[in-house]
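Following: one structure in structure tokens, then a few remarks.
The values are calculated or read from the model by the stated rules, or taken from the named source; none is laboratory data. Everything numeric here is computed off the predicted structure, so don't read it as measured data. Counting neighbours? That spans all protein chains shown, and the Cβs are built from the backbone with ideal geometry, glycine included.
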Amino acid sequence: MPNHANPLNAPTAKVDPLSSTHHGRTTQDPYAWLKDPKWQQVMREPDTLDPEIRAHLDAENAHTDAALASTGGLQATLFDEMRGRIKEDDASVPAPHGPWHYYQRFETGAQYPRYCRRLRSAGADGAEQVLLDAGAESDGKPFFRVGAVEHSPNHELLAVAIDKNGSEYYDITLRQIDSGAHLPDCIPDAAGEVEWAADNGSFFYTKLDDNHRPRWIYRHALGDSVERDFRVYEEHNPGFFVSLGRTESGRYILIECSDPETSETRLIDASQPDQPPTLVAERDTGVLYSVAERNGTLVILTNADDAEDFKIVTADPEQPDRGHWTDLVPHRPGVLILGLIAFADHLVRIEMAGALPRIVVRDSSSDHEHTIAVDEEAFSLGLVPLYEFDATLRYTYSSPTTPLQVYDYDLDTRERTLRKEQEVPSGHDPADYVTRRIHATSHDGERVPITILHRADTPADGSAPCLLYGYGSYGMSMPAAFETSRLSLVDRGFVYAVAHIRGGKEGGYRWYTQGKREHKKNTFLDFIASAEALVDAGYTSPGRIAILGGSAGGMLVGATLNLAPPGLLGAAVAEVPFVDVLNTMLDADLPLTPPEWPEWGNPIEDSAAYDYIRSYSPYDNVEPRDYPPLLVTAGLTDPRVTYWEPAKWVARLRATKTGDQPLLLRTRMGAGHAGASGRFDHLKELAEVYAFVLQVLPTAI
């Protein structure tokens, strides 16, 4: 084991216990003081953080710097490798819209893209018009993230949403495309989404409340002051988030309200923006639906009528309620419909079966269906919405060994055209690597899929170290996709594995319900079973496994550290981890708490939920044991997992754990949930994570 910084030199957080009692149970939170009482202001103005808290976070960062100082050269090498696999002067496949092709383009050395267009009639060699140069506008700003970049229907105006500190409060501004002139209109504290009305003189946006919840939909008329904006919709239930969307046909703007289990949608005719929105179907607890439109008919994806894995129905926009829904694609247990795109003459859906995705095309005139064929053992597929409502489908394909490919698919002729293939400038030969799909048997007999990537010459004799990634929450499925950065570990002899554990939807919707709320521990036990299966299959050995997860996946890491058999894990990385689950779910003022009670349970009202969350919450289950080397990250302006969760967890671990294994906290003082905003700065953060893993699990390569 390489030398580490003396753990005795690590910062020691003061203890200032705060007691709370719920349902007759009392808990002590020794590090509650790390939550700044004015956290809402800190989200907008990071410099207002309490000086004592800042001093502690700075001390933790300095300790991490010292502990990783010996990896400086390795970090530089990793960064150079990962950057070398990125085509720096890259561009997206142009999306046609009216007389223009719209696309994004990076220049060599640029952290941020340019948003551009050129006339369709001029072809690929036509003059380029830059709509937004994000690199130039980010100059001098420590954080810069672009949300919406939406041109008006007449292609004359551009609405841009920008977050300048990582807190996901966006400012929406307007500019004239041809002249580049900025209009005086400016909307603060918005979500990063904009939808134009067909009149070219107004648009809709989502406004955030003081607790950072998207609560209102407003309509803004060009030239008016923000104070005059018309409130189109207000969500009164703090457990529901509101967002904007648009049907692919462009006919309707969508107001979508939802929590993890229930949703409802309202329609605004884009050509009549001042008319009140039309409710499609009233919210009904446990019923989810999303709306598309074609040729005057609504096409709705829903789990209504006990369609656990969803079905597709149609409805008349004049009578859109559930009483008038007609089944189009019936429910098929075990085949989960994930999403759809409604074209003028076709319906395209992406669905999950056997823990792998597939794209199905349905001809509206004949109802005949066909599936777009793929032939690898594990892979990822994605649908790409386009501006125009014609017979061309755009989709993406990749696998852990195959770089991303973008295809245009003619829905009438079934002709497939490769429009773009991800380039790896430093070189990549898929034949040098192997992708496998194996299964673990969990504690209750469920078979958990695991996607594995390794070099073809990596021995399967248990000697290889392994990085095991997992998430397992909110029904989010982890794709078996190509990621160039992973090759820096794999080329050094690592096995890279992704566990498709319950809490996602890889095994259908029940895979999600069996990994949430009162079944949440299945997620952690699936992950442990996955680690053990990798050992049993000879891919690695006990003590040679590093686990990695972020956000709710960071909670997975924390819970797994408490539950895993001694000696199984050799290292762990928890990125912006949701580890203070009980205290967060007891704090109804935090941005995500009421909307997430359906996911985790409501410990305020339900004593059983309180006890269950307390039984696995990583912060509440720290114990005196030898935890493996652990790197934890946080973002000061993170509205999703607030900075004090990882800070408190590390403080408690350091005061409680035994042994001298390194325990490091990296708080990014100028970023939020997703870390650095620039593409190269993000690679530097990843290089630090990989260097830590390689430091504590060294390889012979």
Checklist entry - Which ones in region 473-512 are touching a residue at least 40 places away in the same chain (Cβ under 8 Å) and in a helix (DSSP H, G or I)? => result Thr484, Ser485, Arg486, Leu487, Ser488, Leu489, Val490, Tyr509, Arg510
Next on the checklist: Considering only residues that are closer than 20 Å to Thr278 by Cβ and assigned to a loop (DSSP other than H, G, I, E, B), which ones fall in region 214-236?
Outcome noted: Glu235, His236
Checklist entry - Given (1) under 28 Å from the mean Cα position of the chain (by Cα); (2) of a type in the set (Val, Ile, Thr); (3) over 30 Å from Asn602 (Cα atoms), where does Val226 come up short, assuming only one miss? => result (1)
Checklist entry - modelled with pLDDT of 95 or more, buried (at least 24 other Cβ atoms within 10 Å of the Cβ) and small (Gly, Ala, Ser): does that describe Gly475? => result no
Item to check | The one condition in (1) hydrophobic (A, V, I, L, M, F, W, C); (2) touching a residue at least 40 places away in the same chain (Cβ under 8 Å); (3) in a loop (DSSP other than H, G, I, E, B) that Val535 fails to fulfil | outcome: (3)
Next on the checklist: Can you pull out every residue in region 604-640 that is buried (at least 23 other Cβ atoms within 10 Å of the Cβ) and more than 18 Å from Leu664 (Cα to Cα)?
Outcome noted: Ile613, Ser617, Thr637, Asp638
Item to check | Selected residue [modelled with pLDDT of 95 or more, out of contact with any Phe, Trp or Tyr (no Cβ under 6 Å at 6 or more places or on another chain) and either on the phi < 0 side of the Ramachandran plot or part of a loop (DSSP other than H, G, I, E, B) (or both)] from Ala546, Ala559 | outcome: Ala546
Item to check | Number of the exception - Gly445 against (1) surrounded by fewer than 17 Cβ atoms within 10 Å (Cβ to Cβ); (2) outside any loop (DSSP other than H, G, I, E, B) | outcome: (2)
Checklist outcome for this item: Going through (1) closer than 18 Å to Asp412 by Cβ; (2) free of Cβ contacts under 8 Å to residues at least 24 places away in the same chain one by one, Leu386 fails only at (2)
Checklist entry - In the list Asp375, Asp345, which residue meets the criterion of being of a type in the set (Asp, Glu) and either over 25 Å from Gly507 (Cα atoms) or touching a Lys or Arg at 6+ places or on another chain (Cβ under 7 Å) (or both)? => result Asp345
Next on the checklist: Tell me yes or no: at least one residue of region 31-53 is more than 30 Å from Glu128 (Cβ to Cβ), hydroxyl-bearing (Ser, Thr, Tyr) and in contact (Cβ under 8 Å) with a residue 24 or more places away in the chain.
Outcome noted: yes
Next on the checklist: Is it the case, given these coordinates, that Gly515 is more than 18 Å from Ile438 (Cα to Cα), buried (at least 24 other Cβ atoms within 10 Å of the Cβ) and either under 16 Å from the mean Cα position of the chain (by Cα) or at pLDDT 95 or above (or both)?
Outcome noted: yes
Item to check | Those residues of region 358-380 which are within 16 Å of Pro479 (Cα to Cα), of a type outside the set (Asp, Glu) and touching a residue at least 40 places away in the same chain (Cβ under 8 Å), in sequence order | outcome: Ala378, Phe379, Ser380
Checklist entry - Among Ala281, Ala221, Ala270, which is the only one that is of a type in the set (A, V, I, L, M, F, W, C) and free of Cβ contacts under 8 Å to residues at least 24 places away in the same chain? => result Ala221
Checklist entry - For region 377-421, how many residues are within 17 Å of Asp363 (Cβ to Cβ), among the β-branched types (Val, Ile, Thr) and either in a strand (DSSP E or B) or at pLDDT below 95 (or both)? => result 1
Checklist entry - What is the one condition in (1) more than 28 Å from the chain's Cα centre (by Cα); (2) farther than 27 Å from Asn9 by Cα that Asp660 does not satisfy? => result (2)
Checklist entry - Does region 656-667 contain at least one residue that is crowded, with 22+ Cβ neighbours inside 10 Å, of a type in the set (A, V, I, L, M, F, W, C), touching a residue at least 12 places away in the same chain (Cβ under 8 Å) and not in a strand (DSSP E or B)? => result no
Next on the checklist: Against the condition over 20 Å from Leu561 (Cβ atoms), of a type in the set (S, T, N, Q), in a loop (DSSP other than H, G, I, E, B) and more than 19 Å from the chain's Cα centre (by Cα), how does Thr699 come out, does it pass?
Outcome noted: yes
